[in-house]
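The values are calculated or read from the model by the stated rules, or taken from the named source; none is laboratory data. What you are looking at is a predicted structure, and each value in this text was computed from that prediction instead of being measured. Cβ: placed from backbone, ideal geometry, glycine included. Neighbour counts: every protein chain shown. Ligands, DNA and RNA are stripped out before the accessible areas are found, and what is left, the full protein with its side chains, is counted by its heavy atoms. Shrake-Rupley method; radii C 1.70, N 1.55, O 1.52, S 1.80 Å.
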Amino acid sequence: MMYQNYSPKQIDKLVREIQVKGGVEKRKKLSWYSYVLIFVDICAVFCFLLAYGPYSGFRDWLVTTALSTGGHKYFAYVLYSQDMVKKVVSANTTTQGEKFSNVDDIEFIDPSDVTVYANEYEKQILQKEEGNDLYKIFRINEGSFNGYVTVVYQPKRLDLAITSNRYGNEVSELAKMNNAIVAINGGGYAVAEDYSKSPYSILISDHSIYYDTGRTGEIVGMNDDGVLMLMNSTAQEAVDAGMKWGLEFGPFLIVNGKAAQFTGNGGYGYQPRTVIGQRKDGIVIMLTIDGRGANGSNGASMVELTEVLLRYGVYNACNLDGGGSTVLVEKGKLINSPVSYQGAGERNVLNAVILR
């Protein structure tokens with residue numbers, strides 16, 4: 001065997017050649033384009049896991065929220081098959097309890113007689129504002145959603161204002177036309193190709209049937225004594241039971257003190273919401289919850305709404321039309337921030353619950 005002596009430079013060169021052949025040569029620095037591609041790949045993997053991974057929160061939110069809109073239900077099928085949508089729907093449900101509220105359970109008291117409050121929420125409701133014995137409005141912030149609570153101390157002064165044209169009016173217009181101090185949106189409606197509107201179903205005004213399709217539905221309204229009535233019935237049955245004004249919508253969230261049963265988020269997604277309810281002492285509570293990013297609010301689920309209502313001692317409550325229709329007006333001024341998928345601001349509706 002022959003041996004060869006190498007100089008230091010030759011040894012360095014030989015080592016580099018060995019490193020190259022072994023694949024351990026120092027790699028070149030990645031270009032900005034490569035970093036962009038890596039970032040896009042990471043985002044794609046994250047979105048895939050978000051949409052189809054083991055955590056169902058995003059699927060539940062997207063599907064139930066899309067299906068609860070008036071004209072954008074197709075969003076639920078952008079990422080998911082019909083079978084997947086059905087699976088999500090079956091995992092997020094609301095099951096109502098009793099179908100009729102008991103008017104005899106409501107016993108009116110004067111909040112002014114209460115001097116000791118059970119908790120801060122009772123104080124918020126029972127403590128009137130100085131010089132105003134009719135109502136009060138205060139803001140709530142629940143973290144993921146926020147909005148307003150309207151407390152009505154004289155529910156007999158609540159009524160239903162109904163538009164007189166086919167295209168509806170803004171809630172603020174209905175309030176002005178009916179000399180209302182406070183107004184919230186009421187029931188839903190269907191929109192025709194010419195943008196005219198028809199009521200969702202039942203409307204009752206001044207003890208008479210104003211609009212009816214003849215079916216049995218969830219009707220919320222009020223009698224002459226100022227008692228909120230929840231009835232799963234026909235319009236005629238509601239009138240016969242003494243309902244002065246009423247409309248069909250839902251679901252009923254609390255009936256006779258018993259909350260509906262929920263699985264998942266309740267199945268109605270996260271939307272701007274409007275709710276009317278009544279405590280056992282006769283005080284009416286109306287919720288107006290912003291959503292779709294307005295004021296940093298993502299909207300509320302039926303589960304979250306019910307939790308807020310129970311906190312404030314509500315005994316009977318019904319969900320009203322929501323989404324872009326959710327509006328609260330006080331003394332002619334728009335208080336909340338309505339947002340629809342077509343833009344911000346009030347939209348025309350067919351009726352409103354008013355205080356005058």
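Residue-wise HN-Hα couplings along the range 267-282, as the Karplus relation 6.51 cos²θ - 1.76 cosθ + 1.60 with θ = phi - 60° gives them from phi, are x, 10, x, 10, 9, x, 9, 10, 9, 10, x, 9, 7, 5, 8, x Hz; Gly and Pro carry x. With contributions of -39500 (n - 2.57) from each DSSP H run of at least four residues, the per-residue ellipticity at 222 nm computed over the chain stands at -7500 deg cm²/dmol. Comparing Cα centroids, the range 281-356 and the range 124-139 end up 18 angstrom apart. Against the main long axis of the alpha-carbon atoms of the chain, helix 82-91 sits at an angle near 60°. Surface analysis of the chain yields an accessible area of 53 Å² per residue, using protein heavy atoms and a 1.4 Å probe. With a Förster radius of 25 Å applied to the C-beta separation of Lys86 and Gln261, the computed FRET efficiency comes to 0.75.
Would you work out the relative contact order for the chain, in percent, from Cα pairs under 8 angstrom that are 6 or more residues apart?
Dividing the mean separation by the residue count of the chain yields 22 percent.
Relative to the first principal axis of the alpha-carbon coordinates of the chain, what is the inclination of helix 302-311, with its axis defined by its Cα atoms, in degrees from 0 to 90 and to the nearest 10? For 302-311 against the chain, the angle is about 60 degrees.
One decimal place: the segment Asp225-Arg166 gains 18.1 nm when fully extended, by the rule 0.36 nm per residue minus the C-alpha distance.
Going down the table (Lys176/Lys280; Lys99/Lys331; Lys136/Lys176; Lys136/Lys197), which pairs top 26 Å between alpha carbons? Please report the intermediate quantities before stating the final value.
Details: Lys176/Lys280 31 Å; Lys99/Lys331 35 Å; Lys136/Lys176 19 Å; Lys136/Lys197 32 Å.
Where the Cα-Cα span goes over 26 Å, the pairs concerned are Lys176/Lys280; Lys99/Lys331; Lys136/Lys197.
Spread over its residues, the convex hull of the C-alpha atoms of the range 234-316 is 119 Å³ per residue. Against the set (1) 31, 59, 10; (2) 26, 46, 25, 3; (3) 26, 47, 12, 7, 6, 2, the structure's computed P(r) over Cα pairs in 20 Å bins from 0, in percent falls on (3). Just checking the listed ones, Ala190, Ala66, Ala238: in the Gaussian network model of the chain with Cα springs under 10 Å, the one fluctuating most is Ala190.
What does the C-alpha gyration tensor say about the overall shape of the range 264-356? Classify as rounded when a/c is under 1.5, otherwise prolate if a/b is larger than b/c, or oblate. Oblate, because a/c is 1.5 or more while a/b does not exceed b/c. Site pair Asn132 and Asp105 shows an inter-label distance of 3.0 nm when each label is modelled 7 Å from Cα along Cα→Cβ. In this structure, the amide hydrogen of Tyr200, modeled 1.01 Å from its nitrogen in the peptide plane, lies closer than 5 angstrom to those of Gly188, Tyr189, Ala190, counting only residues at least 5 positions away or on a different chain.
Full extension from Ala344 to Lys73: what is 0.36 nm times the residue separation minus their Cα-Cα distance, to one decimal in nm?
Working: separation 271, 0.36 × 271 = 97.56 nm, distance 1.98 nm.
Between Ala344 and Lys73, full extension yields 95.6 nm more.
For the range 188-303, what % of the accessible area comes from carbon and sulfur atoms, probe 1.4 Å? Provide the component values of the computation, followed by the final result.
Values: 1840 of 4070 Å².
With neighbouring chains kept in place, the figure for the range 188-303 is 45 percent.
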